[in-house]
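A.B. asks: The structure is given below, and queries will be raised subsequently.
The values are calculated or read from the model by the stated rules, or taken from the named source; none is laboratory data. These numbers come from a predicted model, not from an experiment. Counting neighbours? That spans all protein chains shown, and the Cβs are built from the backbone with ideal geometry, glycine included. These accessible areas exclude ligands, DNA and RNA; they are computed on the full protein's heavy atoms, side chains included. Shrake-Rupley method; radii C 1.70, N 1.55, O 1.52, S 1.80 Å.
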Amino acid sequence: MTATKRAVAARRQGVGRGQRVVEKVAVRAYAAATWVVAHVPGPLSRWVIGTGSQAGYLFWPTKRRGSNANFGHVAGLPPDDPRVRRMALGAYREYARYLVEVMHLESMSPERAIHLVAQTELEGIERIWRESKGGLIFAVGHVGNNEAVAAAVAGRGWPVSVVADDSAFPEMFERFTALREAWGVHVIPWRNLREIYGVLKRREMLALLVDWGYRPDGIPVLLFDSWTTLPAGPASLAAKTGSRILPLAIRRQQDGAFAVTWSEPIEVPSSSPADIQAATQAIADALGATIGAAPQQWYSFKPMWPDTPEEAARLAARAATMQAGGPAAQAAVADALEPQASIPVWPEGGGA
């Protein structure tokens, strides 16, 4: 029995019967959808899944409120503005297109998957990686198609790993692990900090998603001129391993292929609260530019900002405390550096 299967078996023992039923239904539904997508014309499958995705937005009030709040921040408009609603509906349809592409990847050769990405735009990444004292941390958002880009990077022979959530849906985790490993993308369960550090100490590449939704214990940053938080993991890992952070922007082009661009590499001089906050703010600035350039391609539908002005004010105060330094700054960042809070993970089957 492999280590992954032993871990899956151990988790199963602690999972309630009801949760296992939900997991099995979800896995079988995904397998059925993947089969359908592989056997029907692309436009039809995109229309069916897109319509279903938009229906989820329209008939799921909690999801709709969170999405409208997110896109309201992006557009600088009230959440109930009709333009925000149109932007959100467009994003849900784009998300469905992404899901169809991910399902197609299961029956696609690695060589064909690689060509979903414009190759010439990857050339400069190797120089940035080679010049890093440690590894290279890709900071990416739920924009474009991260799976296709991971396959393209691995297809060049570059050693790239992703951190994925193995705490639920173990069959889905196994399924996507096998798919990514076939491309040459190594998958690390998110609790395996030793392996995460090992990748960077070997001067390899590590991809981390950063827009998993607002958490009050994260690092306070300004995103679209409003206070929120992002995970501490990228900055903390970079500081401890001498690695560079490279924020990637992945956008779909008119021909359907994905263009990859990046912001300036981010160096993190130390693990001081001020340096962690400044580096995470630089990630937020890059993420904001990526989303702002193509908001309809952004498919992180969990609430990204706090609900109240009071909470936003507390984040602003905490950011100022971190920049001021001293014991108070260390206390302000302590919760954010806990492993369970700091390491963002790769989704299983989209995971928006």
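A.B. asks: On alpha carbon coordinates alone, what is the Rg over Rh value for the range 211-278, Rh being the Kirkwood radius? Write down the numbers at each step before the final one.
C.D. replies: On the way: Rg = 14.3 Å, Rh = 13.7 Å.
My calculation puts Rg/Rh at 1.05.
A.B. asks: Return the percentage of antiparallel bridges among DSSP beta bridges fully within the chain, rounded to the nearest 5 %.
C.D. replies: Working: 12 of 31 bridges.
Here the share of antiparallel DSSP bridges comes out near 40 percent.
A.B. asks: Can I ask one more? Give me the lysines in straight-line cross-link reach of LYS201: C-alpha distance below 25 Å, same-chain residues under 8 apart excluded.
C.D. replies: Correct list for LYS201: LYS133, LYS240.
A.B. asks: Moving on. Please state the charge dipole magnitude for the chain, taken about the Cα centre, from unit charges on C-beta atoms (+1 on K and R, -1 on D and E), reported in debye and rounded to the nearest 20.
C.D. replies: On the way: 37 positive and 33 negative charges, 184 e Å.
Dipole of the chain, to the nearest 20 debye: 880 debye.
A.B. asks: Right, another one. Kindly state, to the nearest 0.05, the FRET efficiency for ASP80 paired with GLU195, given R0 = 41 Å and r defined as their beta-carbon distance. If you can, show how the numbers build up before the last one.
C.D. replies: On the way: r = 45 Å, r/R0 = 1.11.
Plugging the Cβ-Cβ distance into 1/(1 + (r/R0)^6) gives 0.35.
A.B. asks: Please compute the length gained on full extension between ARG112 and GLU126, using 0.36 nm multiplied by the number of residues separating them and subtracting their Cα-Cα distance.
C.D. replies: On the way: separation 14, 0.36 × 14 = 5.04 nm, distance 2.16 nm.
Computed gain between ARG112 and GLU126 is 2.9 nm.
A.B. asks: While we're looking at this one, here's another question. Summing -39500 (n - 2.57) over the DSSP H runs of n ≥ 4 in the chain and dividing by its residue number, what mean residue ellipticity at 222 nm do you reach, to the nearest 500 deg cm²/dmol? Walk me through the numbers on the way to the answer.
C.D. replies: Numbers: 15 runs with 195 residues, N = 352.
That comes out to -17500 deg cm²/dmol.
A.B. asks: Quick check: residue separation of TRP47 and ALA32 times 0.36 nm, minus the Cα distance between them. What number comes out in nm?
C.D. replies: On the way: separation 15, 0.36 × 15 = 5.40 nm, distance 1.66 nm.
Between TRP47 and ALA32, full extension yields 3.7 nm more.
A.B. asks: Another one. Keeping every protein chain present and rolling a 1.4 Å probe, give me the accessible area per residue for the chain in Å². Present the calculation step by step, with values, prior to reporting the outcome.
C.D. replies: On the way: 15520 Å² over 352 residues.
Using a 1.4 Å probe on heavy atoms only, each residue of the chain averages 44 Å².
A.B. asks: At a 1.4 Å probe radius, carbon and sulfur cover how many percent of the accessible area of the chain?
C.D. replies: Carbon plus sulfur share of accessible area: 57 percent.
A.B. asks: Karplus couplings for the range 264-276 from phi (6.51 cos²θ - 1.76 cosθ + 1.60, θ = phi - 60°), rounded to Hz, Gly and Pro as x?
C.D. replies: 4, x, 9, 9, 10, x, 7, 8, 5, x, 5, 5, 5
A.B. asks: For a test of the definition: using alpha carbon positions, the gyration tensor, and the 1.5 limit on a/c, classify the range 44-156 as rounded, prolate or oblate.
C.D. replies: On the way: a/c = 3.24, a/b = 1.60, b/c = 2.02.
Oblate.
A.B. asks: Mind sorting out which of (1) 20.2, 69; (2) 18.3, 64; (3) 19.8, 61 is the real Rg and Dmax of the Cα atoms in Å computed from the coordinates?
C.D. replies: It is the value labelled (3).
A.B. asks: I want the local charge near ARG64. Using Cβ-Cβ distances under 12 Å, sum +1 for each Lys or Arg and -1 for each Asp or Glu among the other residues.
C.D. replies: Numbers: positive: LYS63, ARG65, ARG85; negative: ASP80.
Once all neighbours under 12 Å are counted, the net charge is +2.
A.B. asks: Ok, one more. What is the calculated FRET efficiency for ARG65 to ASP217, with r their C-beta to C-beta distance and R₀ = 30 Å, to the nearest 0.05? Could you put the intermediate results ahead of the total?
C.D. replies: Values: r = 23 Å, r/R0 = 0.75.
Once the sixth-power term is evaluated, E becomes 0.85.
A.B. asks: What is the range 88-228 by shape, rounded, prolate or oblate, if you read a ≥ b ≥ c off the alpha carbon gyration tensor as root eigenvalues and call it rounded for a/c under 1.5, prolate for a/b larger than b/c, and oblate otherwise? Numbers along the way, then the final one.
C.D. replies: Details: a/c = 1.26, a/b = 1.04, b/c = 1.21.
Rounded, because the longest to shortest axis ratio a/c is under 1.5.
A.B. asks: Excluding residues on the same chain fewer than 8 positions from LYS24, give the lysines whose Cα lies under 28 Å from its Cα.
C.D. replies: Once the sequence-local lysines are set aside, what remains near LYS24 is LYS5, LYS63, LYS302.
A.B. asks: Between ILE219 and residues 5 or more places away or on another chain, which pairs have amide H atoms under 5 Å apart, with H built 1.01 Å from N, and which residues are they?
C.D. replies: Correct list: LEU230, ALA232.
A.B. asks: What's the ranking of 219-231, 142-154 by average number of surrounding C-beta atoms within 10 Å, highest first?
C.D. replies: Top to bottom by mean Cβ count within 10 Å: 142-154, 219-231.
A.B. asks: Among 91-101, 320-330, how do they line up from the highest to the lowest mean number of other beta-carbon atoms within 10 Å?
C.D. replies: On the way: 91-101: 22.7, 320-330: 14.6.
Highest mean packing first, the order is 91-101, 320-330.
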